[in-house]
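Each remark here refers to the structure printed beneath this line.
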């Protein structure tokens, strides 16, 4: 019978061999991630272990640590001995600072996405020869120095700065609008600093967009808005997620820009942690604060991996 | 006519204007800082007149030369190494069946992103000091290149991964069916498809490395001052437009570099 | 006989040693923008030594690197309280600057100081005071009181920058509240805390970038180092450095040699070199602070040597050099500071 060749046994055998071949290839590919993992393993994970150990020690009098076990650093995160009556009390100072950084990071991510997505899409729809140009065009401003750029922003938004002087001269306003040393200035600085971190991953993902799908959507009488929300955005999800991570996590720890543009009146997480290694002379507390921050980020990241790893299987 | 239709379907209303606004936002401060490099006054806050003098003093400034050389060596090396590692890792983590530990590997790759800078700085410093103390190993400027490579990897990795996810694999399979070796298939098929991702990743890695202050300050050894260190440590003094001249020189170098590579690419394409 | 032998041997050693000493390298780690390139050039020529110079932004940064070990530096320039810490931790080499040829030039006021009694380890680099400056075009009242910072008149409210430096601000608050520096006494600390909390709404910014802040018109008052005040006055003549009657913070940066320095002899040569009056003048001329070396003023431009910023008026309180606070006080400072800026 001719059907003999197509018996379930034969089929499963063929499938088995193919699966073996795919597996072998997949296993080889897997090894490609080794160099990165080794480098980060040695120079990222090991130092991190040092930090974990430090966070359970006691601060040495002039900075550094003493080899004596203690969980004070973690306890002190939420509870501190009252300075004046010595009772252990719930102290929200650190939480307030964490919350502030968190809010700034969220707003930065959202605005970067709102501005970055159209920009990346625009880049990805240029003629192929122009696209690499655009990638460079986005990065050139970052060849200057962060501090110098920030000073230029200050010049633009200060009370006697470019915008206010222009508006005053035009008679639009009769009193300068205070922008520098406000939350607005911090937000502007963060937006500036992190925009490319949103645009480039998005571009990288959008550039492979298959426009036949869009054409198909239009053939089915989809409106522009429907095409955007039902086709383009779902297809660029990996880029959106990558961009959001690259903006949100670093923005959470950013402190130089907020310090200069915000005038340093309110601390950010980055300041707070750096302070423990500087004048605070409390390394264990700094380490504990950093680990708590990382734990929070890790939890968020864990959900990301769980929600996206399903799609990795396409290979 | 097919052509106008093709352009039409790609268009989304308002996206062009937003892209232009983004570019304006990015370039206005840079233009201002370039203009102020010509300020004859000695403050970056008051305009007094035009001079090229700050360029003279910047070009004659030996500290600037050293710092610029160190910065370029470190940033370029770290960008190349981290982009290669990130590309391989992105392939190794998306072109495979999910393996046990994939999630953990993803976390490890992104670890440098999550650790606050000062922590990485202190930890890396302790680590290198330990190596130097126990094994007498000191890689010189290699210490800085390694430290930079570590925190550049996630920035290079994410755009490349975003590109690879959901990418159509039929071409690779076709190549394999045609008995292409894995290397040939990679070189001819996968790599060209990856170029926009690699470009974006490398660009991000470069700007992250180029502007790093906190980690560099603690890891740098004698004579390894980079531009960010040089510029930041002047903050106790009023900044003179020399700093702007220095930044402008760097910007012009980058623009020159970009234009040349663009021209070469265009000539080759012809 | 043995005496002669000793002499011959030491002469031979000296003959060998002198050219060897004067050749080679020196790695200096100093505050940013604080070292006159002319000074380095002169030293390189005079002793045929190749110098590398790197910068740091705070005592704590320098201390972290030095403490980790194998920093590769020979010379660092710590401030007074940091010298004290480094000595306690055994990080500095005993080089006896006081006994060096130029050691005789050290101003007697700066020999028996708390951080290095008798100058066995460090040579003076620069010293100064930290109070505040006021743009007197915009404010006409009396400025020689800390009330300008802590209980400002209405027209100065929201027009004040303070240094982003916990010790300077805490010490100033302690002076204004009339309590001792680094006191662990709860009642005093409560006073200090109240002083700060009351003053905070009047403060616009916390920043080291003081010269730009006051000359750009962002603020009318800024806490400042005297040298920075001198420079601000060069831009706007109406900027006046205050000598508050409640007390004045003093500080001194010092040239120290790290223990285990590879270029120990060159480092000693450098310590001696900076104590020569004409070289000390080079340091001051560049960075704008006085240097603690007798006889250096005659090498300085007179308008700088006679400026009010480095010559306190008669009747101004003497500058107070404050030793590092004990750990339990630092911890409380840290809490107050965080609470202030949360």
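The values are calculated or read from the model by the stated rules, or taken from the named source; none is laboratory data. Source: prediction; values computed, not measured. Every residue, glycine among them, receives a Cβ derived from its backbone with ideal geometry; neighbour counts consider all protein chains shown.
Tabulated data
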{"read-out": "Failed item, numbered, when residue C:236 is tested on (1) surrounded by fewer than 22 Cβ atoms within 10 Å (Cβ to Cβ); (2) away from chain A (no Cβ under 12 Å); (3) at pLDDT 95 or above", "value": "(3)"}
{"read-out": "Sole residue being crowded, with 24+ Cβ neighbours inside 10 Å and either without any contact (Cβ under 8 Å) to a residue 40 or more places away in the chain or touching a helix residue (DSSP H, G or I) at 6+ places or on another chain (Cβ under 8 Å) (or both), chosen from B:104, B:123", "value": "B:123"}
{"read-out": "Filtered residues of segment A:128-162 (kept if closer than 20 Å to residue B:233 by Cα, in a helix (DSSP H, G or I) and facing chain B (nearest Cβ under 7 Å))", "value": "A:142, A:143, A:146, A:147, A:148, A:149, A:151, A:152, A:153"}
{"read-out": "Those residues of segment A:65-91 which are at pLDDT 85 or above, out of contact with any strand residue (DSSP E or B) (no Cβ under 9 Å at 6 or more places or on another chain) and surrounded by 13 or more Cβ atoms within 10 Å (Cβ to Cβ), in sequence order", "value": "A:74"}
{"read-out": "Qualifying strands (runs of 3 or more DSSP E) (wholly inside segment C:112-212; at least 3 residues being away from chain A (no Cβ under 14 Å), crowded, with 18+ Cβ neighbours inside 10 Å and under 25 Å from the mean Cα position of the chain (by Cα))", "value": "C:123-135"}
{"read-out": "Considering residues of segment A:41-77 that are in contact with a helix residue (DSSP H, G or I) (Cβ under 7 Å, 6 or more places away or on another chain) and free of Cβ contacts under 8 Å to residues at least 40 places away in the same chain only, the residue farthest from residue B:86 (Cα to Cα)", "value": "A:50"}
{"read-out": "Selection status of residue A:292, over 15 Å from the mean Cα position of the chain (by Cα) and more than 14 Å from chain C (Cβ to nearest Cβ)", "value": "yes"}
{"read-out": "Any hit, segment A:197-205, residues being over 21 Å from the mean Cα position of the chain (by Cα) and within 11 Å of another protein chain (Cβ to nearest Cβ)", "value": "no"}
{"read-out": "Only one of C:66, C:9 that is assigned to a helix (DSSP H, G or I), modelled with pLDDT under 90 and over 15 Å from residue C:274 (Cα atoms)", "value": "C:9"}
{"read-out": "Condition check for residue A:173: in a helix (DSSP H, G or I), more than 8 Å from chain B (Cβ to nearest Cβ) and either within 30 Å of residue B:198 (Cβ to Cβ) or free of Cβ contacts under 8 Å to residues at least 60 places away in the same chain (or both)", "value": "no"}
{"read-out": "Failed item, numbered, when residue C:95 is tested on (1) crowded, with 19+ Cβ neighbours inside 10 Å; (2) closer than 25 Å to residue C:243 by Cα", "value": "(2)"}
{"read-out": "From A:234, A:176, A:201, residue being within 19 Å of residue A:119 (Cα to Cα) and surrounded by fewer than 19 Cβ atoms within 10 Å (Cβ to Cβ)", "value": "A:234"}
{"read-out": "Residue within segment A:237-255 that is over 30 Å from residue B:9 (Cβ atoms) and within 14 Å of chain C (Cβ to nearest Cβ) present", "value": "yes"}
{"read-out": "Given (1) surrounded by 14 or more Cβ atoms within 10 Å (Cβ to Cβ); (2) at pLDDT below 90; (3) more than 30 Å from residue B:139 (Cα to Cα), number of the condition residue B:61 does not satisfy", "value": "(3)"}
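To keep it simple, each residue is scored yes or no on (1) more than 27 Å from residue B:153 (Cα to Cα); (2) in contact (Cβ under 8 Å) with a residue 24 or more places away in the chain; (3) assigned to a helix (DSSP H, G or I).
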{"residue": "B:191", "(1), (2), (3)": "no, no, yes"}
{"residue": "B:196", "(1), (2), (3)": "no, yes, yes"}
{"residue": "B:199", "(1), (2), (3)": "no, no, yes"}
{"residue": "B:218", "(1), (2), (3)": "no, yes, yes"}
{"residue": "B:229", "(1), (2), (3)": "no, yes, yes"}
{"residue": "B:246", "(1), (2), (3)": "yes, yes, yes"}
{"residue": "B:254", "(1), (2), (3)": "no, no, yes"}
{"residue": "B:261", "(1), (2), (3)": "no, no, yes"}
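Yes or no, residue by residue, for (1) more than 14 Å from chain A (Cβ to nearest Cβ); (2) modelled with pLDDT under 95; (3) more than 30 Å from residue C:197 (Cβ to Cβ):
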site	(1), (2), (3)
C:279	yes, no, yes
C:283	yes, no, yes
C:310	yes, yes, yes
C:335	no, yes, no
